[in-house]
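Working notes for the structure below.
The values are calculated or read from the model by the stated rules, or taken from the named source; none is laboratory data. All values reported here derive from a predicted model rather than from experimental measurement. Every residue, glycine as well, gets a Cβ built from its backbone with ideal geometry; the counts of neighbours run over all protein chains shown.
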Amino acid sequence: MTNVLLATILAIFTTMALALWRAIRGPSVFDTIVGVNVFGTKTVLLIALIAYFSGNNDLVDVALVYALINFLAVIAVLKLVRQRDLAASREPSDD
């Protein structure tokens, strides 16, 4: 069981490192956003894994709140990149 846990944590950290690399070296802003989103998702997975193996069920709530914040932050950043204004209520015109 310890070898499986170690392999799982190593795989998660490896994918987190690759996502961070994509966020830093992304050729476009969208690659950076995807890298940050994947990093946040892997962080949620890591928190859930720690909650499972430690038996602390309160950490599952932390993981869910973190996932919601990650999702909302990515949506807000994408809207900011596309429209240059978070308060805009409609699509920009093609004029």
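For the stretch 42-73, which residues satisfy the criterion of being crowded, with 16+ Cβ neighbours inside 10 Å and in contact (Cβ under 8 Å) with a residue 40 or more places away in the chain?
Residue satisfying the conditions is L49 alone.
Among L68, L5, which is the only one that is modelled with pLDDT of 90 or more, aliphatic (A, V, I, L, M) and assigned to a helix (DSSP H, G or I)?
The unique qualifying residue is L68.
With (1) without any contact (Cβ under 8 Å) to a residue 40 or more places away in the chain; (2) surrounded by 13 or more Cβ atoms within 10 Å (Cβ to Cβ) as the list, and I24 as the residue in question, which single condition is left unmet?
Every condition holds for I24 apart from (2).
Tell me yes or no: at least one residue of the stretch 31-43 is basic (K, R), modelled with pLDDT of 90 or more and either within 30 Å of L5 (Cα to Cα) or outside any helix (DSSP H, G or I) (or both).
Yes - at least one qualifying residue is present in the stretch 31-43.
Suppose the filter is closer than 30 Å to T2 by Cβ and at pLDDT 90 or above; does G55 pass it?
So G55 fails the test.
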